[in-house]
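Please read the structure below before turning to the comments.
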Amino acid sequence: MKRLNFVFVLVWILMMAGCNGALQSRFAGLDQNQARALARRLAMQREQELADDLKSAFAVRQPRNILVLSGGGADGAFGCGVLDGWQSAPSGRPTFDVVTGVSTGALMATFAFLGEAQDGLTLLEVYTKTRDPDVHDGPFTVGVPDSIFDTGPLERLIARHVTADTIARVAAAHRSGRRLYVATVDLDAGELVIWPLSKIAAGQGPACLARFRKILLAAASVPVVFPPVRIDGDLQVDAGLREAVFLRQAMLGMSKAYQATRALDAAAAPPTVWAIVNSRLGIDPKPIDDNLIDIGGRSLTIYTQSLQFFNLREIAHLAAANHPAFAFRYASVPPELDSDEAQQNLSGPMFDPGQMSRLYAAGEQMALDRSAWHEGSPRVDNDPTLAAMTSISRAGR
C-alpha cells in the first residue's frame, strides 16, 4: 500500500510500540541460541518440503512457462489487464507450470494459475470494482491495536471468491504437475516463507480451504497498515518486506529431466520466465522539500523501487544461468499511468475504481498489441553500459 503516508505510519509505530502485550510464539521463552536453532530448523524443513514438492512435478519433465507476480496494491489492476489481453492475443496465453505471487500478486496468483474464463471475470470484478470498504475497516479499531486498519472485509472478499470449487481446480492442476506458490514474511523468525498453495489445495476438505484463504490474507497483510495473521504459531505478513517478486532455482526444473528431454525439445522455443510488475519501474526527478514528510516519503519510494529492480534482475540472471537457459520477459506499469505521486497521503482512497479501470484497460491493450513485454534484465537508473548491451542483444536477434 505505497500510497500511505510514510511519516504517519512511522509515528503510529512509535506511538504503539509500548502498547502491545506479549504475543504467544514458538520463539517465546527461548534464549538467543535456541531461537536461532529453531529458525534454522524451520527454514530447513520448509526448504526440503519445497524441494520435494518441485521434484514431484519436474523430476521427469521440464517446466516451459513460469509466471511471477509482484505486489502493488490496487495497481494489480494493471497485471489483471495484461493477463486478460494476453489471453485474447493472437498467440494466446500459455498455461503456466509455476506461478508465484507477492502481496496483491498473491491474491491474483490463484486465478492466473487456473486461467479459465471464469477466473478472468473474477479478476476483472475484483480489480475494477473494489473500494476501500471492501478491503478494510477503520482506521483505529477498538482495543489494543496491531495495525491501523482491520481486514475483516478483505477476509470476506477472499472467502467469496476462493471457494471449494476454486481449490478443487487448483488441486487438479497440482495433480497434473503444475505448482502454485505465494510468499509471506514470518515476523517471529524474520524469514521469507514460501507456501505451496497447490499442494495445500490437493489436501482438500474444509481445513485445507480455510488454510488456503488464511495464507492469502497473510500474503496481502502489509505490516502496521493491516494486522498480521497467525499461522502455525507465528505472525505472517506481506512478503514485500523481503522480496518484491520471487523465484527459486528448483522452480526452473531438474537437470536430469532436461538431459532426458532435450533432444525432443531442441527445436522448441526456449522456456520463459514471465514477470508482471504491478507498479512503475523508475521514478521521476522532482524537488524535495527539506522536511520529515517529504524526505521520508521519497526515501520509502526509492527503497521500494530498488527492491523491485534488484529482485527482477536476480530473477533474470537466475533464468539466464539455468541449464537450460530460460528467456526472461517482464511487463510494468507505464510512466504515464503511474499514480504513486498522487497517492502519498491518506486523503484519497487506496482503491479507486476509476484509476483501477484505467490501469486494467491499459494492461489489456498493451498485451493485445504486444507492447507489454520487455526482454532481459531491467535497467537500474540510467546505466549506459547496460543500455548498450541491451541494444546489442536486440540487434543480434
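The values are calculated or read from the model by the stated rules, or taken from the named source; none is laboratory data. None of the values given here were measured: they were computed from a predicted structure. Positions of Cβ are generated from backbone atoms using ideal geometry, with glycine treated the same way; all protein chains shown enter the neighbour counts. Ligands, DNA and RNA are stripped out before the accessible areas are found, and what is left, the full protein with its side chains, is counted by its heavy atoms. Shrake-Rupley method; radii C 1.70, N 1.55, O 1.52, S 1.80 Å.
Structure summary
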{"read-out": "Accessible area per residue, Å², the range 24-152 with all protein chains present, probe 1.4 Å", "value": "44 Å²"}
{"read-out": "Partners for Lys286 among aspartates and glutamates (Cα-Cα distance below 12 Å; same-chain residues under 8 apart left out)", "value": "Asp294, Glu341"}
{"read-out": "Protection-proxy order for peptides 41-47, 78-84, each taking the mean of Cβ atoms within 10 Å per residue, highest first", "value": "78-84, 41-47"}
{"read-out": "Rounded FRET efficiency, nearest 0.05, which uses the C-beta distance separating Asp134 from Asp232 and R0 of 25 Å", "value": "0.30"}
{"read-out": "Computed lengthening from Ile302 to Thr95, 0.36 nm per intervening residue step minus Cα-Cα distance", "value": "71.1 nm"}
{"read-out": "Cα→Cβ-extended label distance, 7 Å offset, between Leu121 and Arg160, nm", "value": "1.5 nm"}
{"read-out": "Relative pair counts by distance (%), Cα atoms of the range 156-225, 10 Å bins", "value": "20, 49, 26, 4"}
{"read-out": "Using a Förster distance of 30 Å, the FRET efficiency for Glu336-Ala269 (Cβ separation, nearest 0.05)", "value": "0.40"}
{"read-out": "Length gained when the stretch Lys55-Arg175 is fully extended (0.36 nm per residue, less Cα-Cα span)", "value": "41.9 nm"}
{"read-out": "Peptides ranked, highest mean first, by Cβ atoms within 10 Å: ranges 287-295, 275-283", "value": "275-283, 287-295"}
{"read-out": "Computed accessible area, Leu235, all protein chains, 1.4 angstrom probe, square angstrom", "value": "30 Å²"}
{"read-out": "Sites Asn65 and Leu38 - FRET efficiency at Förster radius 45 Å, r taken between beta-carbons, to 0.05", "value": "0.75"}
